[in-house]
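Okay, structure first, notes after.
The values are calculated or read from the model by the stated rules, or taken from the named source; none is laboratory data. If you're wondering where the values come from, they're calculated on a predicted model, not measured in any experiment. Note: ideal-geometry Cβ built from the backbone for every residue, glycine included; neighbour counts use all protein chains shown. In case anyone asks, the SASA skips ligands and DNA or RNA and just uses the protein heavy atoms, side chains included. Shrake-Rupley method; radii C 1.70, N 1.55, O 1.52, S 1.80 Å.
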Amino acid sequence: MKLRNTLAALCAATCLTGAPALADGHGNIQEMNLEVVGTWGFLENWKVFEERFWTEVIPEASGGKITANAKPYTELGLKGYEVMAGVRKGAYDVVHALTSYSSQASPALEGIDLSGIIQDWDTYRQAVEVYRPIIEREVREKYNAQIVNIYPFPTQQIWCNLGDRSSTDVSLADLAGKKIRTYSRTQGDFVEGLGASSVTMALAEVVPALEKGVADCGVTGTMPAYNGKWWQVVTHNVRVRLGFAATFTAINLDTWEGMNADTQNLILSEAKKFEDEIWEFEQTLDQAGMDCNAQGPCERGEPGNMTPIEPNEADQALLRQIAAETVVPRWAERCGSECAAEWNATIGKLIGITAPTDGS
């Protein structure tokens, strides 16, 4: 009995660290069928990782004890803004959700993806690691859910219909006055700091809006832009990174706490593998998306023939100015002094930007 209690204590101490399960084989794994909502069905995150994780990886790792009914937003007719309310109410056991789409109840979640502040993958992953405890706490407190991993999409860039594809004399400053589709408040802050107008709309609505002139430009990921055929209605890709679309896998807290330690550890262990694999995959996908939207090479089909615009020195300076003077202060005002102080001690310290903590 003493040995059993010791093992139970060890399990309890490690059940939230991704440590290997202590069970021998699959004996202590609980039988359950989970209702899972994934992201967009036409994008690689669902097709390559999310669906396979719940329909192949977890069932196999659990010896068939854990199964799932997993469907993406697009099949269920859901928008990214809606899914966390579903997991909070217990309508779903598991959801894959973007921090930017989940920030209405928690402005702190925006802090991991503030527009324009990080331009490279290595720094962004470091930012996720230092900010992870805050994301986990906010999702637990605001949405009654347990995060088991955090991962990105391809980088979020600007795609514009500027009329003449042959023109390469385009700068970030030239977008002032344009109507630019965004999907988060921080992106809206960046666009307004640029002197442009922010237009919020769902991903599926963007191509018709660009085609009809309701929007001049849009923000989305590099491969999502190609998969969504944005290249049919836009001419230029302005390659500034306005975020990495941080995404997490969250399990309803009642479902999570109903699992024994071995079941939790199994899911955490496999979710950590998923996380490491998708981070590596996304960096390759990011470049492939830029190539496919431009002149290739493109293994996925016809190149989009957009004109790529790499930010010059003036663009980079403007990017930093907007991030420091508009994006971060506006977010800090929404989030509050305590929230801003936490950001300063984590991401702010990492990148050398300080958010105001006095509400100004």
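If a residue counts only when it is crowded, with 23+ Cβ neighbours inside 10 Å and polar (S, T, N, Q), which strands (runs of 3 or more DSSP E) contained entirely in the range 213-254 have at least 3 such residues?
On the way: elements: 217-221, 236-238, 247-252.
Strands (runs of 3 or more DSSP E) meeting the threshold: 247-252.
Among what's in the range 68-107 and is surrounded by fewer than 21 Cβ atoms within 10 Å (Cβ to Cβ) and of a type in the set (A, V, I, L, M), pick the residue that is farthest from A202 (Cα to Cα).
Once the filter is applied, the top-ranked residue is A68.
Looking at the structure I just gave you, is D113 touching a residue at least 24 places away in the same chain (Cβ under 8 Å) and either under 23 Å from R334 (Cα atoms) or surrounded by fewer than 19 Cβ atoms within 10 Å (Cβ to Cβ) (or both)?
Numbers: touching a residue at least 24 places away in the same chain (Cβ under 8 Å): yes; either under 23 Å from R334 (Cα atoms) or surrounded by fewer than 19 Cβ atoms within 10 Å (Cβ to Cβ) (or both): yes.
When the stated conditions are applied, D113 passes them.
Does V128 fit the bill of being open to solvent by less than 10 Å² (accessible area, probe 1.4 Å) and free of Cβ contacts under 8 Å to residues at least 40 places away in the same chain? If you could, list the steps in order and put the result at the bottom.
Values: open to solvent by less than 10 Å² (accessible area, probe 1.4 Å): yes; free of Cβ contacts under 8 Å to residues at least 40 places away in the same chain: no.
The answer is no for V128.
Scan the range 162-181 residue by residue and report those that are surrounded by 17 or more Cβ atoms within 10 Å (Cβ to Cβ) and among the basic types (K, R).
Hits for the range 162-181 are K178, K179, R181.
I need a count of the residues in the range 156-197 that are in a loop (DSSP other than H, G, I, E, B) and of a type in the set (V, I, T). Give the derivation first.
The initial filter retains those residues of the range 156-197 that are in a loop (DSSP other than H, G, I, E, B), namely 161-171, 176-178, 183-184, 194-196.
If we keep only those that are of a type in the set (V, I, T) as well, we get 168, 170.
Matching residues across the range 156-197 total 2.
Only one residue in R132, R140 is farther than 17 Å from K272 by Cα, touching a strand residue (DSSP E or B) at 6+ places or on another chain (Cβ under 8 Å) and not in a loop (DSSP other than H, G, I, E, B). Which one? Talk me through it step by step, then tell me what you get.
Details: R132 fails: farther than 17 Å from K272 by Cα.
Exactly one of R132, R140 is farther than 17 Å from K272 by Cα, touching a strand residue (DSSP E or B) at 6+ places or on another chain (Cβ under 8 Å) and not in a loop (DSSP other than H, G, I, E, B), namely R140.
Of everything in the range 1-54 that's at pLDDT 50 or above and basic (K, R), which residue is nearest to A288 (Cα to Cα)?
Residues of the range 1-54 that are at pLDDT 50 or above, as a first pass: 25-54.
Among the residues that remain, those that are also basic (K, R) are: 47, 52.
Working: K47: 16, R52: 22 Å.
Among residues in the range 1-54 that are at pLDDT 50 or above and basic (K, R), the one nearest to A288 (Cα to Cα) is K47.
Which of the residues belonging to the range 311-348 are more than 22 Å from R125 (Cβ to Cβ) and in contact with a strand residue (DSSP E or B) (Cβ under 9 Å, 6 or more places away or on another chain)?
D315
Counting only residues that are among the acidic types (D, E), surrounded by fewer than 20 Cβ atoms within 10 Å (Cβ to Cβ) and within 21 Å of the chain's Cα centre (by Cα), how many does the range 276-301 have?
3
Among the candidates T182, T220, T200, T249, single out the residue that is of a type outside the set (A, V, I, L, M) and modelled with pLDDT of 95 or more.
Details: T182 fails: modelled with pLDDT of 95 or more; T220 fails: modelled with pLDDT of 95 or more; T200 fails: modelled with pLDDT of 95 or more.
On inspection, the qualifying residue turns out to be T249.
What are the pairs with Cβ atoms under 7 angstrom where one residue, in the range 136-148, is at pLDDT below 95 and the other, located anywhere, is of a type in the set (F, W, Y) and surrounded by fewer than 17 Cβ atoms within 10 Å (Cβ to Cβ)? Sequence gap at least six, or different chains.
none
How many residues does the range 182-197 hold that are open to solvent by 20 Å² or more (accessible area, probe 1.4 Å) and closer than 30 Å to R137 by Cα? First the steps, then the outcome.
So the first thing to find is which residues in the range 182-197 are open to solvent by 20 Å² or more (accessible area, probe 1.4 Å), and the list is 185, 192-193, 195, 197.
Of the ones still in play, those that are also closer than 30 Å to R137 by Cα are 185.
Qualifying residue count for the region: 1.
For the structure I just gave you, tell me whether E205 is over 15 Å from the mean Cα position of the chain (by Cα), farther than 30 Å from A127 by Cα and not in a strand (DSSP E or B).
Values: over 15 Å from the mean Cα position of the chain (by Cα): yes; farther than 30 Å from A127 by Cα: yes; not in a strand (DSSP E or B): yes.
Yes, satisfied.
Just one of (1) assigned to a strand (DSSP E or B); (2) at positive phi trips up G301, so point out which.
So G301 meets the others, but not (1).
Could you give every pair whose Cβ atoms fall below 6 Å, whose first residue belongs to the range 188-210 and is touching a residue at least 12 places away in the same chain (Cβ under 8 Å) and within 27 Å of L78 (Cα to Cα), and whose second residue is among the polar types (S, T, N, Q) and assigned to a loop (DSSP other than H, G, I, E, B), counting only separations of at least 6 or pairs across chains?
Taking only residues 6 or more apart or on different chains, the pairs are F190/S115; L210/N161.
Among the residues of the range 138-149, how many are of a type in the set (D, E, K, R) and within 17 Å of the chain's Cα centre (by Cα)?
Here is the first cut: in the range 138-149, the ones of a type in the set (D, E, K, R) are 138, 140-142.
Those left that are additionally within 17 Å of the chain's Cα centre (by Cα): 138.
Number of matching residues: 1.
Pairs, please: C-beta under 7 Å, at least 6 apart or cross-chain, first residue assigned to a helix (DSSP H, G or I) and in the range 275-295, second open to solvent by 60 Å² or more (accessible area, probe 1.4 Å)?
Correct list of pairs: W279/R125; D291/P297; C292/R300.
Name the one entry in A340, A314 that is more than 30 Å from V48 (Cβ to Cβ) and surrounded by fewer than 20 Cβ atoms within 10 Å (Cβ to Cβ).
Values: A340 fails: surrounded by fewer than 20 Cβ atoms within 10 Å (Cβ to Cβ).
Selected residue: A314, the only one of A340, A314 that is more than 30 Å from V48 (Cβ to Cβ) and surrounded by fewer than 20 Cβ atoms within 10 Å (Cβ to Cβ).
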